[in-house]
Amino acid sequence: MIVVMEKGVSEEKLERVLDYLQGKGFSLHISRGIERTIIGVLGDKNKMEERLPLEALEGVEKVVPILTPYKLASREFKAQDTVITIGDVTIGGQELQVMAGPCAVESREQLLETAAIVKQGGAKILRGGAFKPRTSPYSFQGLEKKGLEYLAEARETTGLLIVTEVMDTRSVDLVSRYADILQIGARNMQNFPLLKEVGKTNKPVLLKRGLSATVEEWIMAAEYILAAGNNQVILCERGIRTFETYTRNTLDLSVVPVIKHLTHLPIIVDPSHGTGKWRLVGPMAKAAVVAGVDGLIIEVHPNPVEALSDGPQSLKPEKYYQLMEELRQLAPVMSRSLSGTAHFEKTGTEG
Ligand code: PEP
Ligand code: MN
């Protein structure tokens, strides 16, 4: 349930209510809005239904039950959009954020070259997997710690922020030392120990939608991270399994307004994994912006034919520059902006 405090309530009254609830054994999450402070009360449902005399306490305006299974992620708990700030980069605010880079960190040269391209195109965040979740155990599994070191070097030389995947509870500490944003991959969306572990860090978490996850399951996964104390969660739609096989996945753009309606969390779209085909990345990226996303994550490779993973869905540098320019022109239509300066060379839609 939510306890809504009166406008401008004193700290003393707030403390008294918090003490009372703590004494009952509930876990409390405080959200301080511009006008009001709201207390999210989590815990034993039966105890909550005991009709606590909360409204009798001074400073309490009303008590509202949250009917959805997710609480902290809900719009009822927090009406304003969550804006995540990392240095001078905001996610969920007015500016669209593009995270771009290779599927996997393959070598120092490949990563530094791609980072320079990503920077040149105007994105502020570099993506790249050092730990790769591959369907086959015989496929390239990532450079692991070396890959993280190359990412850190790329950040140093370009000033880009780093988003990279953490696959396992045992490597959360290690990856947190290098990453600015921790990525939870689609296959790990319901790895609850991992969600709890990243929930204990102070790093923003990019939570990809599971391959066959419903909206509710996905938000419940976010709830795990929030309940563990980390309120910096970014959702990422990356396509789901349907009967269609022409595309790698079916990119569910309708979830963008759904997530915006149900939650206060930022949402970005991954048109690369969402389609599996470079030719579809630009159109779906633009459609995502119109659907209301807060950002995009896009695979870019200097030479996709040679890529060790996901070459067919990776944009060549010129295609990436072109897309960034198109997004820059499109953003104002949605009252958004996108950083960077024009580097527009129209190269057509083929090859
Ligand atoms: C990736 O971003 O490279 C990746 C493996 O994504 P997903 O978990 O969405 O498949
Ligand atoms: Mn990939």
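The values are calculated or read from the model by the stated rules, or taken from the named source; none is laboratory data. Just so it is clear, the structure is predicted and the values come from calculations on it, not from any experiment. Ideal geometry is used to build each Cβ from the backbone, glycine not excepted, and the neighbour counts take in all protein chains shown. For accessibility, only protein heavy atoms count, side chains too; no ligands or nucleic acids. Shrake-Rupley method; radii C 1.70, N 1.55, O 1.52, S 1.80 Å.
Within region 140-158, can you find the residues that are farther than 13 Å from L112 by Cβ, open to solvent by 40 Å² or more (accessible area, probe 1.4 Å) and not aromatic (F, W, Y)?
Within region 140-158, Q141, L143, E144, K145, K146 meet the criteria.
Could you look through region 125-135, keep only residues that are part of a loop (DSSP other than H, G, I, E, B) and either away from ligand 2 (no atom under 14 Å from the Cβ) or touching a helix residue (DSSP H, G or I) at 6+ places or on another chain (Cβ under 8 Å) (or both), and pick out the one that is farthest from E153 (Cα to Cα)?
By that ranking, first place goes to P133.
Mind listing just one residue for me: the one in region 90-124 that is among the small types (G, A, S) and in contact with a Gly (Cβ under 6 Å, 6 or more places away or on another chain) and, of those, nearest to ligand 2 (Cβ to nearest atom)?
A104
Please specify each residue of region 180-223 satisfying the condition of being of a type in the set (S, T, Y) and surrounded by 20 or more Cβ atoms within 10 Å (Cβ to Cβ).
Once the filter is applied, which keeps residues that are of a type in the set (S, T, Y) and surrounded by 20 or more Cβ atoms within 10 Å (Cβ to Cβ), region 180-223 yields only T201.
Please name all residue pairs, on different chains or six or more residues apart, with Cβ atoms under 7 Å, provided the first residue is in region 265-288 and is touching a residue at least 40 places away in the same chain (Cβ under 8 Å) and the second residue is of a type in the set (G, A, S) and assigned to a helix (DSSP H, G or I).
Cβ pairs passing all conditions: L265/A222; V281/S272.
Out of the residues in region 156-169 that are without any contact (Cβ under 8 Å) to a residue 40 or more places away in the chain and either assigned to a loop (DSSP other than H, G, I, E, B) or among the charged types (D, E, K, R) (or both), which is farthest from E109 (Cα to Cα)?
Once the filter is applied, the top-ranked residue is D168.
Yes or no: A222 closer than 25 Å to G43 by Cβ and out of contact with any helix residue (DSSP H, G or I) (no Cβ under 6 Å at 6 or more places or on another chain)?
yes
Of the residues E109, E95, which is more than 16 Å from ligand 1 (Cβ to nearest atom), charged (D, E, K, R) and within 21 Å of the chain's Cα centre (by Cα)?
When all the criteria are applied, what remains is E95.
Please go through region 2-30 and pick out each residue that is under 19 Å from A228 (Cα atoms), open to solvent by 70 Å² or more (accessible area, probe 1.4 Å) and more than 30 Å from the chain's Cα centre (by Cα).
Listed by number, the list holds a single entry, Q22.
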